[in-house]
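The values are calculated or read from the model by the stated rules, or taken from the named source; none is laboratory data. Computed from a prediction, not measured in an experiment: that's the story for all the values here. Every residue, glycine among them, receives a Cβ derived from its backbone with ideal geometry; neighbour counts consider all protein chains shown.
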Amino acid sequence: MLYYKNYVDKELGVRGLCAIYRGYDAQPHYHPVEELYELVYGEGVMYLGDTRKIVKAPYSVWIPANVVHTIKPTSSVIILKYYFPRGPFKDIEYTWLRNHSFSWKEWMPSKL
């Protein structure tokens with residue numbers, strides 16, 4: 001399950017809060033606006049471009065525009081804040097890679 005809520009949604013930026021529960025099929029995606037993730041609770045695997053990293057709160061990552069990314073919880077839930085320096089949110093065009101050759105089995109560490 002995924003829950004998100006924008007608490008600022010303006011032309012000059014978007015800020016929001018997101019909860020992602022273990023088992024949610026987080027899809028790789030990209031968009032033409034850079035983004036900041038601030039992981040405030042939980043642990044997960046961050047996929048950014050061609051890299052993957054085990055992350056644990058507190059953790060922040062700046063995601064450049066048009067770079068494929070996603071995050072998958074390894075704890076029961078992760079809570080993260082996100083920030084886009086331009087908005088509004090409805091104008092940020094997401095490209096989802098649902099049919100991409102990406103496989104979590106390839107990216108998940110074997111000891112998780």
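Here are the numbers for the structure shown:
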| read-out | value |
| --- | --- |
| Matching residues in the range 57-82 - criterion: being under 23 Å from Arg98 (Cβ atoms), assigned to a loop (DSSP other than H, G, I, E, B), in contact (Cβ under 8 Å) with a residue 40 or more places away in the chain and not hydrophobic (A, V, I, L, M, F, W, C) | Thr74 |
| Total residues in the range 26-56, condition over 27 Å from Pro88 (Cβ atoms) and part of a loop (DSSP other than H, G, I, E, B) | 2 |
| Boolean, Thr74 is among the hydroxyl-bearing types (Ser, Thr, Tyr), in contact with a Gly (Cβ under 8 Å, 6 or more places away or on another chain) and surrounded by 16 or more Cβ atoms within 10 Å (Cβ to Cβ) | yes |
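Residue-wise test of (1) modelled with pLDDT of 95 or more; (2) touching a strand residue (DSSP E or B) at 6+ places or on another chain (Cβ under 9 Å); (3) of a type in the set (S, T, N, Q).
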position	(1), (2), (3)
Arg15	yes, yes, no
Pro28	no, yes, no
His31	yes, yes, no
Val40	yes, yes, no
Glu43	yes, yes, no
Met46	yes, yes, no
Asp50	no, no, no
Tyr59	yes, yes, no
Asn66	yes, yes, yes
